[in-house]
1. What lysines could a cross-link reach from Lys54, if we take a straight Cα to Cα line under 20 Å and drop same-chain neighbours fewer than 8 places away?
2. On the principal axes of its Cα set, how long, how wide and how thick is the stretch 36-104? Give whole Å, largest value first.
3. Can you give the Kirkwood hydrodynamic radius of the chain from its Cα pairs, in Å with one decimal?
4. At q = 0.17, 0.26, 0.34 Å⁻¹, what is the log10 ratio I(q)/I(0) for the stretch 73-113, with the Debye formula run over Cα points and no solvent?
5. Distance between Cα centroids, the stretch 70-134 to the stretch 150-186: provide it in whole Å.
6. Considering just Cα atoms, how many Å³ per residue does the convex hull of the stretch 81-199 enclose?
7. If you take the Cα Rg of the stretch 1-67 and divide it by 2.2 N^0.38 Å, with N the number of residues, what do you get?
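Coordinate-derived values only; no laboratory data. What you see is a predicted model; the values in this text were computed from it and never measured.
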Amino acid sequence: MNESPPTVYIARHGETAWSLSGQHTGLTDLPLTENGVRNARRLGNVLRWRLFAKVFTSPLQRARRTCELAGFGAEAEVDRDLLEWNYGEYEGLGTAEIRAKRPDWQLFRDGCPGGESPDEVGTRADRVLNRVRAVEGDVLIFSSGHFLRVLAARWLGLEPRAGKYFLLDTASLSALGYEHDLTQPAIKFWNDLHHLMHH
């Protein structure tokens, strides 16, 4: 068997009003903007020719709608572990507003009061990765930025807080894979936006 090991493609949802304004959007179920809808369709243009054994999406409409517009609505399974970080008391606030109260605050180190800690998000990410690794073939995931950054860190065997190093734009595509074999997880590409630049 010299088949290449599977790849996990991860798509961040398209733009919302709060992703544009820089407000922390956890469980608030915002719709996509018009631009978000357009970019979700463009994401579909690069994904359509690939074959996926499984497709998973967060239940939040910004991810689910991105999934549908990209052409995977019919086959996607909703996975609650793909929800965005629960920001608790920091929901809807921008980083500057949070730091006005707590100057040294860092999401990936401190988490959110009344919401999730980095380790709690990491535990969800590990559950997702266990499900993904059980699939034979490539997998596609639609979720939200901060969660996917923790997912990438955990894929590599790093602490959840290492998610701070992986910037992720809306409607971006990234791929987690392996070098040589399953003992060597690696990032194949990250935060690719080429599909958004054709017009």
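1. Those lysines meeting the cut-off are Lys188.
2. That works out to 47, 24, 18 Å along the principal axes.
3. Value: 16.9 Å, from the Cα pair sum.
4. -0.55, -0.91, -1.29
5. Measuring centre to centre over Cα atoms gives 15 Å.
6. With only Cα atoms used, the stretch 81-199 gives 121 Å³ per residue.
7. Values: Rg = 14.3 Å, N = 67, 2.2 N^0.38 = 10.9 Å.
Normalised by 2.2 N^0.38 Å, the Cα Rg of the stretch 1-67 equals 1.31.
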